[in-house]
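Below is one structure; the comments refer to it alone.
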Amino acid sequence: MLRMSKMADYSIVVMTHLAMDPSEQCTTADLASQIGIPLPTVSKILKQLTRARLLTSTRGVQGGYHLAKSPTEISIIEIITIFEGPVGLTSCINTPGACKQESYCTTRTHWKYINRAIYESLSKVKLSDMVQPVKEHPVSPYLLSDQLSIN
């Protein structure tokens, strides 16, 4: 089963909350209170997202955090990779030589295709999509078609 870490999951919650009103600055304490995630966790997430330049921070009494770019410009994959690293369903995808069966594996090419489909799907989902009610998502459940190529 593919599963994101809590930090990646929570970071999407934090970013989605900030995307609801991109002009508003939120303090760490306000965010933690409003989204129900522990303050130390929110603090770590905000620091990493700021280092990755997805957020900007302002110090002082009127300080806080806000999005560094428009929610339409931030993909879910950007947020995930900050906390998870490159998406890879199998060890051979991002770390060549990590698997002893790699040289004669008959499924590696298929895993590359599946991995690319997941990456491209997550690239299409923008933070702005996450604040909207689900009607039709930018990622079709039938995306796995011949339109994706293996590299």
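The values are calculated or read from the model by the stated rules, or taken from the named source; none is laboratory data. The structure presented is a predicted model; accordingly, all values stated were derived computationally and were not measured. Positions of Cβ are backbone-derived with ideal geometry, glycine not excepted, and every protein chain shown enters the neighbour counts. Side chains are part of the model used for accessible areas, which takes the heavy atoms of the whole protein and leaves out ligands, DNA and RNA. Shrake-Rupley method; radii C 1.70, N 1.55, O 1.52, S 1.80 Å.
Of all the criteria given as (1) buried (at least 19 other Cβ atoms within 10 Å of the Cβ); (2) part of a loop (DSSP other than H, G, I, E, B); (3) not hydrophobic (A, V, I, L, M, F, W, C), the one not satisfied by residue 22 is (1). Restricting region 118-129 to residues that are open to solvent by less than 90 Å² (accessible area, probe 1.4 Å) and of a type outside the set (S, T, N, Q) leaves a set whose member that is farthest from residue 90 (Cα to Cα) is 129. The set of residues from region 19-62 being among the small types (Gly, Ala, Ser) and either farther than 19 Å from residue 7 by Cβ or out of contact with any Pro (no Cβ under 6 Å at 6 or more places or on another chain) (or both) comprises 23, 29, 32, 33, 36, 43, 52, 57, 60.
Each residue in region 33-54 was checked for being among the small types (Gly, Ala, Ser), at negative phi and either part of a helix (DSSP H, G or I) or exposed (fewer than 15 other Cβ atoms within 10 Å of the Cβ) (or both), and 2 of them qualify.
Being open to solvent by 40 Å² or more (accessible area, probe 1.4 Å) and under 24 Å from residue 134 (Cβ atoms) is a property that residue 30 lacks. A search for C-beta distances below 9 Å between a residue of region 92-104 that is closer than 17 Å to residue 114 by Cα and any residue that is modelled with pLDDT under 80 and hydrophobic (A, V, I, L, M, F, W, C), counting only pairs 6+ apart in sequence or on different chains, returns 92/98; 92/99; 102/92. Take the residues in region 55-103 that are open to solvent by less than 40 Å² (accessible area, probe 1.4 Å), small (Gly, Ala, Ser) and under 18 Å from residue 43 (Cα atoms), then tell me which one is nearest to the chain's Cα centre (by Cα). Within region 55-103, the match that is nearest to the chain's Cα centre (by Cα) is 64. Take residue 37 and decide whether it is farther than 21 Å from residue 126 by Cα and of a type in the set (A, V, I, L, M). The answer is yes for residue 37.
If you go through region 130-145 and pick out every residue that is open to solvent by 50 Å² or more (accessible area, probe 1.4 Å) and either modelled with pLDDT of 70 or more or charged (D, E, K, R) (or both), you end up with 6.
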